[in-house]
Amino acid sequence: MRLALVHARYQLLEIIRIPVAVVGNAFFPAAAMLFFVVPFAGDDPTAATYATASMVTFAVMSANIFQYGIGVAEDRAQPWEPYTRTLPAGPLPRFAGRVLAGLLMTLLSLVPVVVIAAVATEARISLPGFGAAIATILLVAVPFALLGLAIGYALPSKAAIVVAQVIFFPLAFGGGLLSAPGSAPGFVEAVAPYLPTRGAVELMWAAVGDFRPAPLSLVMLAVWVVVLGTLAAWAYRRDEGRRFH
(Lines give C-alpha, C1' and ligand atoms only; values in the text may rest on other atoms or scores of the structure.)
Protein backbone atom coordinates (compact mmCIF):
# COMPACT_ATOMS: atom_id res chain seq x y z
CA MET A 1 0.00 0.00 0.00
CA ARG A 2 2.84 2.37 0.82
CA LEU A 3 4.33 1.95 -2.66
CA ALA A 4 0.92 2.54 -4.23
CA LEU A 5 0.62 5.82 -2.31
CA VAL A 6 4.08 6.84 -3.50
CA HIS A 7 3.08 6.22 -7.11
CA ALA A 8 -0.23 8.05 -6.54
CA ARG A 9 1.63 11.05 -5.17
CA TYR A 10 3.93 11.04 -8.19
CA GLN A 11 0.97 10.89 -10.57
CA LEU A 12 -0.80 13.75 -8.80
CA LEU A 13 2.31 15.92 -8.86
CA GLU A 14 2.65 15.32 -12.60
CA ILE A 15 -0.98 16.36 -13.15
CA ILE A 16 -0.89 19.39 -10.86
CA ARG A 17 2.17 20.74 -12.67
CA ILE A 18 -0.08 21.20 -15.71
CA PRO A 19 -3.08 23.12 -14.29
CA VAL A 20 -4.96 23.07 -17.60
CA ALA A 21 -5.25 19.29 -17.24
CA VAL A 22 -7.04 19.75 -13.91
CA VAL A 23 -9.33 22.47 -15.25
CA GLY A 24 -10.04 20.61 -18.48
CA ASN A 25 -11.56 17.60 -16.71
CA ALA A 26 -14.17 19.78 -15.05
CA PHE A 27 -14.80 22.33 -17.80
CA PHE A 28 -17.13 20.48 -20.17
CA PRO A 29 -19.48 19.05 -17.50
CA ALA A 30 -19.62 22.43 -15.73
CA ALA A 31 -20.25 24.23 -19.04
CA ALA A 32 -23.01 21.76 -19.91
CA MET A 33 -24.60 22.40 -16.51
CA LEU A 34 -24.55 26.17 -17.05
CA PHE A 35 -25.77 26.21 -20.65
CA PHE A 36 -28.20 23.28 -20.76
CA VAL A 37 -29.29 22.21 -17.28
CA VAL A 38 -29.65 25.52 -15.42
CA PRO A 39 -31.80 27.36 -18.00
CA PHE A 40 -33.94 24.39 -19.12
CA ALA A 41 -34.30 22.13 -16.08
CA GLY A 42 -33.05 24.18 -13.15
CA ASP A 43 -36.50 25.08 -11.80
CA ASP A 44 -37.79 21.49 -11.74
CA PRO A 45 -36.41 19.56 -8.73
CA THR A 46 -36.80 16.13 -10.33
CA ALA A 47 -35.48 17.12 -13.75
CA ALA A 48 -32.60 19.08 -12.23
CA THR A 49 -31.61 16.15 -10.01
CA TYR A 50 -31.58 13.68 -12.89
CA ALA A 51 -29.76 16.16 -15.14
CA THR A 52 -27.10 16.69 -12.48
CA ALA A 53 -26.64 12.92 -12.21
CA SER A 54 -26.18 12.82 -15.99
CA MET A 55 -23.55 15.54 -15.85
CA VAL A 56 -21.79 13.72 -13.01
CA THR A 57 -21.62 10.63 -15.24
CA PHE A 58 -20.40 12.87 -18.07
CA ALA A 59 -17.62 14.18 -15.82
CA VAL A 60 -16.64 10.69 -14.62
CA MET A 61 -16.39 9.48 -18.21
CA SER A 62 -14.40 12.53 -19.31
CA ALA A 63 -11.94 12.37 -16.43
CA ASN A 64 -11.21 8.67 -16.84
CA ILE A 65 -11.05 8.38 -20.63
CA PHE A 66 -8.82 11.41 -21.10
CA GLN A 67 -6.70 11.04 -18.00
CA TYR A 68 -5.90 7.37 -18.51
CA GLY A 69 -6.05 7.32 -22.30
CA ILE A 70 -3.84 10.32 -22.93
CA GLY A 71 -1.88 10.19 -19.66
CA VAL A 72 -0.79 6.58 -20.05
CA ALA A 73 0.14 7.08 -23.71
CA GLU A 74 2.29 10.09 -22.80
CA ASP A 75 3.92 8.24 -19.89
CA ARG A 76 4.86 5.36 -22.19
CA ALA A 77 6.88 7.79 -24.31
CA GLN A 78 8.99 8.87 -21.31
CA PRO A 79 12.18 7.04 -20.18
CA TRP A 80 10.77 6.77 -16.64
CA GLU A 81 8.00 4.36 -17.64
CA PRO A 82 10.16 1.48 -18.93
CA TYR A 83 12.48 1.97 -15.94
CA THR A 84 9.62 1.49 -13.44
CA ARG A 85 8.76 -1.79 -15.15
CA THR A 86 12.19 -3.18 -14.21
CA LEU A 87 11.69 -2.51 -10.48
CA PRO A 88 11.24 -5.58 -8.23
CA ALA A 89 7.92 -4.32 -6.79
CA GLY A 90 6.12 -5.33 -9.99
CA PRO A 91 3.29 -3.57 -11.81
CA LEU A 92 0.63 -3.71 -9.06
CA PRO A 93 1.78 -0.69 -6.98
CA ARG A 94 2.09 1.38 -10.16
CA PHE A 95 -1.40 0.43 -11.30
CA ALA A 96 -2.86 0.99 -7.83
CA GLY A 97 -1.20 4.39 -7.59
CA ARG A 98 -2.53 5.41 -10.98
CA VAL A 99 -6.04 4.30 -10.00
CA LEU A 100 -5.91 6.19 -6.69
CA ALA A 101 -4.73 9.34 -8.44
CA GLY A 102 -7.42 8.88 -11.08
CA LEU A 103 -10.18 8.53 -8.49
CA LEU A 104 -9.07 11.70 -6.73
CA MET A 105 -8.99 13.65 -9.99
CA THR A 106 -12.40 12.25 -10.89
CA LEU A 107 -13.88 13.45 -7.61
CA LEU A 108 -12.27 16.87 -8.06
CA SER A 109 -13.78 17.17 -11.54
CA LEU A 110 -17.24 16.74 -10.00
CA VAL A 111 -16.96 19.67 -7.60
CA PRO A 112 -18.03 22.40 -10.09
CA VAL A 113 -21.02 20.32 -11.24
CA VAL A 114 -22.20 19.76 -7.67
CA VAL A 115 -21.68 23.40 -6.72
CA ILE A 116 -23.63 24.65 -9.76
CA ALA A 117 -26.44 22.20 -9.02
CA ALA A 118 -26.60 23.35 -5.39
CA VAL A 119 -26.62 27.11 -6.00
CA ALA A 120 -28.27 27.49 -9.42
CA THR A 121 -30.86 24.69 -9.65
CA GLU A 122 -33.60 23.08 -7.57
CA ALA A 123 -31.82 19.71 -7.56
CA ARG A 124 -32.30 17.91 -4.27
CA ILE A 125 -30.75 14.81 -2.76
CA SER A 126 -30.97 13.19 0.67
CA LEU A 127 -27.93 12.33 2.77
CA PRO A 128 -28.33 8.57 2.11
CA GLY A 129 -28.79 9.39 -1.58
CA PHE A 130 -25.58 11.40 -1.56
CA GLY A 131 -23.71 8.47 -0.03
CA ALA A 132 -25.21 6.13 -2.63
CA ALA A 133 -24.18 8.55 -5.38
CA ILE A 134 -20.56 8.58 -4.18
CA ALA A 135 -20.47 4.77 -4.13
CA THR A 136 -22.05 4.68 -7.59
CA ILE A 137 -19.47 7.13 -8.94
CA LEU A 138 -16.68 4.78 -7.89
CA LEU A 139 -18.50 1.89 -9.55
CA VAL A 140 -19.31 3.57 -12.87
CA ALA A 141 -15.75 4.89 -13.17
CA VAL A 142 -14.52 1.33 -13.74
CA PRO A 143 -15.50 0.82 -17.42
CA PHE A 144 -14.25 4.25 -18.44
CA ALA A 145 -10.96 3.78 -16.61
CA LEU A 146 -10.52 0.45 -18.40
CA LEU A 147 -11.34 2.11 -21.72
CA GLY A 148 -8.77 4.82 -21.04
CA LEU A 149 -6.13 2.24 -20.10
CA ALA A 150 -6.83 0.26 -23.27
CA ILE A 151 -6.39 3.39 -25.38
CA GLY A 152 -3.30 4.50 -23.49
CA TYR A 153 -1.45 1.19 -23.73
CA ALA A 154 -2.51 0.40 -27.29
CA LEU A 155 -1.74 3.70 -29.02
CA PRO A 156 0.99 6.37 -29.16
CA SER A 157 0.11 9.68 -27.54
CA LYS A 158 -0.93 11.57 -30.70
CA ALA A 159 -3.23 8.78 -31.79
CA ALA A 160 -4.59 8.35 -28.25
CA ILE A 161 -5.70 12.01 -28.14
CA VAL A 162 -7.64 11.62 -31.38
CA VAL A 163 -9.22 8.28 -30.48
CA ALA A 164 -10.26 9.51 -27.02
CA GLN A 165 -11.95 12.56 -28.55
CA VAL A 166 -13.64 10.54 -31.29
CA ILE A 167 -15.01 7.98 -28.80
CA PHE A 168 -16.05 10.41 -26.08
CA PHE A 169 -18.93 12.37 -27.61
CA PRO A 170 -20.66 9.45 -29.39
CA LEU A 171 -20.64 7.55 -26.08
CA ALA A 172 -22.06 10.56 -24.23
CA PHE A 173 -24.77 11.36 -26.80
CA GLY A 174 -25.57 7.75 -27.68
CA GLY A 175 -25.86 6.78 -24.02
CA GLY A 176 -28.44 9.49 -23.37
CA LEU A 177 -26.32 11.63 -21.06
CA LEU A 178 -27.51 14.80 -22.76
CA SER A 179 -31.22 14.14 -22.23
CA ALA A 180 -33.59 13.29 -19.39
CA PRO A 181 -34.70 9.69 -18.72
CA GLY A 182 -37.01 8.57 -21.52
CA SER A 183 -36.80 11.81 -23.51
CA ALA A 184 -33.90 11.06 -25.89
CA PRO A 185 -34.55 10.78 -29.64
CA GLY A 186 -35.85 7.40 -30.76
CA PHE A 187 -32.63 6.20 -32.35
CA VAL A 188 -30.72 7.09 -29.16
CA GLU A 189 -33.18 5.16 -27.00
CA ALA A 190 -32.71 2.17 -29.32
CA VAL A 191 -28.90 2.23 -29.19
CA ALA A 192 -28.34 3.49 -25.64
CA PRO A 193 -28.88 0.23 -23.69
CA TYR A 194 -25.98 -1.37 -25.54
CA LEU A 195 -23.48 1.35 -24.57
CA PRO A 196 -21.61 1.46 -21.24
CA THR A 197 -22.67 5.07 -20.72
CA ARG A 198 -26.34 4.08 -20.48
CA GLY A 199 -25.86 1.53 -17.73
CA ALA A 200 -23.63 4.00 -15.88
CA VAL A 201 -26.08 6.89 -16.03
CA GLU A 202 -29.05 4.68 -15.12
CA LEU A 203 -27.19 3.61 -11.98
CA MET A 204 -26.60 7.29 -11.19
CA TRP A 205 -30.29 8.10 -11.77
CA ALA A 206 -31.24 5.26 -9.45
CA ALA A 207 -28.86 6.54 -6.77
CA VAL A 208 -30.33 10.06 -6.72
CA GLY A 209 -33.99 9.42 -7.46
CA ASP A 210 -36.83 6.98 -7.92
CA PHE A 211 -35.53 5.34 -11.08
CA ARG A 212 -35.27 1.63 -11.87
CA PRO A 213 -32.40 0.71 -14.23
CA ALA A 214 -33.27 -1.49 -17.19
CA PRO A 215 -31.87 -5.04 -16.87
CA LEU A 216 -30.47 -4.89 -20.42
CA SER A 217 -28.48 -1.74 -19.61
CA LEU A 218 -26.96 -3.33 -16.50
CA VAL A 219 -26.12 -6.59 -18.26
CA MET A 220 -24.44 -4.71 -21.10
CA LEU A 221 -22.52 -2.56 -18.61
CA ALA A 222 -21.14 -5.74 -17.03
CA VAL A 223 -20.29 -7.11 -20.47
CA TRP A 224 -18.45 -3.89 -21.32
CA VAL A 225 -16.44 -4.12 -18.09
CA VAL A 226 -15.29 -7.62 -19.02
CA VAL A 227 -14.54 -6.68 -22.63
CA LEU A 228 -12.69 -3.47 -21.77
CA GLY A 229 -10.78 -5.16 -18.95
CA THR A 230 -9.66 -7.87 -21.36
CA LEU A 231 -8.70 -5.28 -23.96
CA ALA A 232 -6.74 -3.21 -21.43
CA ALA A 233 -4.86 -6.30 -20.20
CA TRP A 234 -4.07 -7.33 -23.78
CA ALA A 235 -2.81 -3.82 -24.63
CA TYR A 236 -0.61 -3.77 -21.54
CA ARG A 237 0.89 -7.20 -22.26
CA ARG A 238 1.50 -6.28 -25.89
CA ASP A 239 3.26 -3.08 -24.86
CA GLU A 240 5.29 -5.04 -22.29
CA GLY A 241 6.30 -7.56 -24.93
CA ARG A 242 7.39 -4.85 -27.35
CA ARG A 243 9.65 -3.26 -24.76
CA PHE A 244 11.42 -6.39 -23.58
CA HIS A 245 11.71 -8.40 -26.78
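The values are calculated or read from the model by the stated rules, or taken from the named source; none is laboratory data. Computed from a predicted structure; not experimentally measured. We place every Cβ from the backbone using ideal geometry, glycine too, and count neighbours over all the protein chains shown. Just so you know, the surface numbers come from the protein's heavy atoms only, side chains and all, with ligands and any DNA or RNA stripped out. Shrake-Rupley method; radii C 1.70, N 1.55, O 1.52, S 1.80 Å.
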**Q.** Single residue of segment 106-134 satisfying the filter (part of a helix (DSSP H, G or I) and among the small types (Gly, Ala, Ser)) that is most open to solvent (accessible area, probe 1.4 Å)
**A.** 118
**Q.** Pair list, Cβ under 8 Å, 6 or more apart: segment 31-43 residue open to solvent by less than 40 Å² (accessible area, probe 1.4 Å), other residue at pLDDT below 75
**A.** 41/180
Q: Name the helices (runs of 4 or more DSSP H) wholly inside segment 157-245 in which the number of residues that are buried (at least 20 other Cβ atoms within 10 Å of the Cβ) is 1 or more.
A: 157-174, 196-208, 215-244
Q) For residue 144, are the conditions met, namely being under 30 Å from residue 49 (Cβ atoms), part of a helix (DSSP H, G or I) and modelled with pLDDT under 90? A) no
Q) From the set of residues in segment 59-79 that are of a type in the set (S, T, N, Q) and in contact (Cβ under 8 Å) with a residue 40 or more places away in the chain, which is most open to solvent (accessible area, probe 1.4 Å)? A) 67
